[in-house]
Structure formats: structure tokens, C-alpha cells
Amino acid sequence: MRRYGRIITRPDEAAVDAPHVAPDASFDLSLREILDRGAGTWSRGDLDAYLAVMAPEIELSLELDEAGHPLFPGLQPLYRGHKGIRQFWDDWHSGFERGVPLELIGVVYGTGCYAARARFRAVGREGVTAEREITSAVEVRDGLIWRFRDFAHWEDALEALGMPTDLTP
């Protein structure tokens, strides 16, 4: 298997390369810090630290299959607020181990947002392994993530953020 990025286990390991910034966007270093903290806390399995980068009104929407269901059983299509993120955390970890490492493949930053591509490998409670590349559109307001959407395709995440769909990380 070809390795595209690095496993993120600490906040300072995530987006260390020069940032890729969308045309006509202004790069804000705080976006990189939010990405670093969010990815690192997810990889370590630290829910409280993960919530610390989320706005109270956070909306998390997951990638859906053709029938409109989340790709992984037991998950809901949409989670809202910190209570919803706690529910997502419990739903996810009821099927998979905690501390699922993320391997960051690439990021494109926009104004107040970023699109990120990552790979994860999770071992299920029954020993089943799930390995998947995920693409997320993340919007930030007042230094906190307020909307986090997962997509099947990179171009869809860019389009959701109003970025040109031909950008590559």
C-alpha cells in the first residue's frame, strides 16, 4: 500500500508543510492550528480536547452511501452540538477502537475554512478492519469549527466550500 502522508498523533504533527491556499483566499495560521489540534486529539482518542476545537453549535454531517445512509453501521447522518459530537463519539467507538490514527494526505485552505483529505485505519470490536480515505469540508468561525462535512469526493468538498474544484492539495 502506498503511503500518502503521515500518521497524526500529536497536534504539532499535522499540517507542517507550506500551506496550499485557494485562489483569492487569505491564509489564517489559526486554521492550521485548529486542523492540528482536531486531528491530533481524534487520533489520540481525547474527546474533551476534541470538543475544545468545536463550537457549541457544531454540525457534523457524515458521508452517505447511494441509499442516503452513513457508510458505517450505527452512525447517524447528522450530529449537532457538543451533545451530538459526544453521541457521534460513542456511536463510532461502539464499533471501533478509540484513538483511530489519521494519516493526513493533503489540505487546501480557504478563508475561514479548509478541505482536508485523510486516511484512517480502524479495527472493529469483532476484529474487522476498516481502512478508508475521507474528505472533509471544515468551516471555522471565531476560532472554532462550526460545520464539518464529510464527502466521498475531493471535488465535492471543495465545491461545498465555494473553492474551485480543480485544486489539489
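The values are calculated or read from the model by the stated rules, or taken from the named source; none is laboratory data. Not measured: the values here are computed from a predicted model. Virtual Cβ from ideal backbone geometry, glycine too; neighbours counted across all protein chains shown. When the accessible area is computed, the model is the full protein with side chains, heavy atoms only, and any ligands, DNA or RNA have been set aside. Shrake-Rupley method; radii C 1.70, N 1.55, O 1.52, S 1.80 Å.
Numerical summary
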| quantity | calculated |
| --- | --- |
| Selection within region 124-158 - surrounded by 12 or more Cβ atoms within 10 Å (Cβ to Cβ) and of a type in the set (Asp, Glu) | Glu133, Glu139, Asp150, Glu155, Asp156 |
| Within region 60-81, tally of residues that are open to solvent by 60 Å² or more (accessible area, probe 1.4 Å) and within 16 Å of Arg147 (Cα to Cα) | 4 |
| Test set (1) at pLDDT below 95; (2) at negative phi; (3) not in a helix (DSSP H, G or I) - Gly68 fails condition number | (2) |
| Matching residues, region 34-59, being in contact with a strand residue (DSSP E or B) (Cβ under 7 Å, 6 or more places away or on another chain) and under 14 Å from Phe120 (Cα atoms) | Ala39, Gly40, Trp42, Ser43 |
| Whichever residue in region 1-59 is among the hydrophobic types (A, V, I, L, M, F, W, C) and open to solvent by 40 Å² or more (accessible area, probe 1.4 Å) and, among such residues, is modelled with the lowest pLDDT | Met1 |
| Residue among Glu59, Glu133 that alone is more than 17 Å from Ala39 (Cβ to Cβ) and either within 15 Å of the chain's Cα centre (by Cα) or assigned to a strand (DSSP E or B) (or both) | Glu59 |
| Residue tally, condition farther than 30 Å from Asp166 by Cβ and surrounded by fewer than 16 Cβ atoms within 10 Å (Cβ to Cβ), over region 89-123 | 6 |
| Selection status of Ala137, closer than 17 Å to Ser61 by Cβ and either in contact with a His (Cβ under 7 Å, 6 or more places away or on another chain) or of a type in the set (A, V, I, L, M, F, W, C) (or both) | yes |
